[in-house]
Every structure is written in C-alpha cells, then in structure tokens.
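Asks: Pasting a structure below so you can have a look.
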Amino acid sequence: MTARTANNQIAPGIRRGGAKASPASAGRAPGSAPAAAGDPGDSYTATAMSDVLDHAARAMIARGTGGLSPAALGAMWADWAMHLAVSPGKQMRLVEKAMRKNLHFARYLGRCAASGGSAPGCIEPLAQDRRFRDEAWQQPPFNLMYQGFLLTQQWWHNASHGGARGDARA
C-alpha cells in the first residue's frame, strides 16, 4: 500500500510500489527525468506551471492560425516560395500582370479625378462577394480602396494558384 495525500496523490518520497524513493528523486514531478547527482530535480509546482504556460501559448497560437500548425504553415509557404523561385516564366507573367493591374488602377484614378470622384470600376467583385455592395464603397476614398484591394487580391490569386503554367486571367 502506498502513502497518499488528501488529494489522492502519492506522497513525496514514496514510490508507487510502496518502497521509499531515493533522496534525489523525492519531490520530483511524476514523469520527470532523473536528477543528476547533487541536483534535486524539478519540483511538481515548476513542472505544472511550465505545462500550463506551454498550453496557454499553444492555445494563443492556435487562435491566430485557425488551429493550423505554424510549422505546417511555414512549410507550405516555403514550398510555394521555392517553386516560384525556380519558375522564371511564372515570375515574368506575375510582373506583367502587376504592371497591367497598376495601369488599370491608374486609369481608374484618372477617370475618378475627371468625374469628381465616381467612375465605373476597373474590376468587379465576384458574384458571391458581398463585401462591397454597400453604397458607401462607391464613394471616395472607399471606391479607390476596394478597387485596389480587388486588383491586389486577384494578383495574389494568380501568384498562388495555377502552378508553373499559371492561368489565363488578367
């Protein structure tokens, strides 16, 4: 029979089999590594506190990454970047698309300036995209913001989809 404390934990210095623990392992957290000679080892409190801190840190990271592993996200980004780095044709197409989108946006800015702030957009949101349906998005300066956002969003879609061959969208 083993000695147990009030909260049903095995008392320090008593092993599960009932034998007396060595002085070096007394007070050590269950499952912790054996202490070196002269080292009393980690206390249960220190081990429990470090576990709580680790758990809290991982929970905060999970909230920020939507539950995805930061290592997996980093690996995916590195994979994408490496493939793009060794695809000069894709890079050339992305540069050309960026220049074309900047030209569309510059023309839109010119039309807005000439018409007093409102002009037909240079890009329309997708049919399922309801973010910019409010009338306020059609007024300056918000019209410029949403048009620039949509052009940038489309460029990033082209940069991250289509593999080495890309796709035909502007």
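Asks: Once R0 is set to 30 Å, what does the formula 1/(1 + (r/R0)^6) return for the Cβ-Cβ distance between Glu124 and Met76, expressed as a FRET efficiency to the nearest 0.05?
Replies: It comes out at approximately 0.50.
Asks: Using r as the Cβ-Cβ distance of His157 and Asp39, and R0 as 45 Å, what FRET efficiency do you calculate, to the nearest 0.05?
Replies: 0.20
Asks: Also, I was wondering about something else. Please compute P(r) over all alpha-carbon pairs of the range 88-146, binned at 10 Å starting from zero, and give each bin as a whole-number percent.
Replies: Cα pair-distance distribution for the range 88-146, in percent: 21, 41, 28, 9, 0.
Throughout, read-outs are computed from the coordinates displayed, never taken from laboratory work. These numbers come from a predicted model, not from an experiment. Neighbour counts are summed over all protein chains in view; Cβ atoms, including those assigned to glycine, are modelled from backbone coordinates with ideal geometry.
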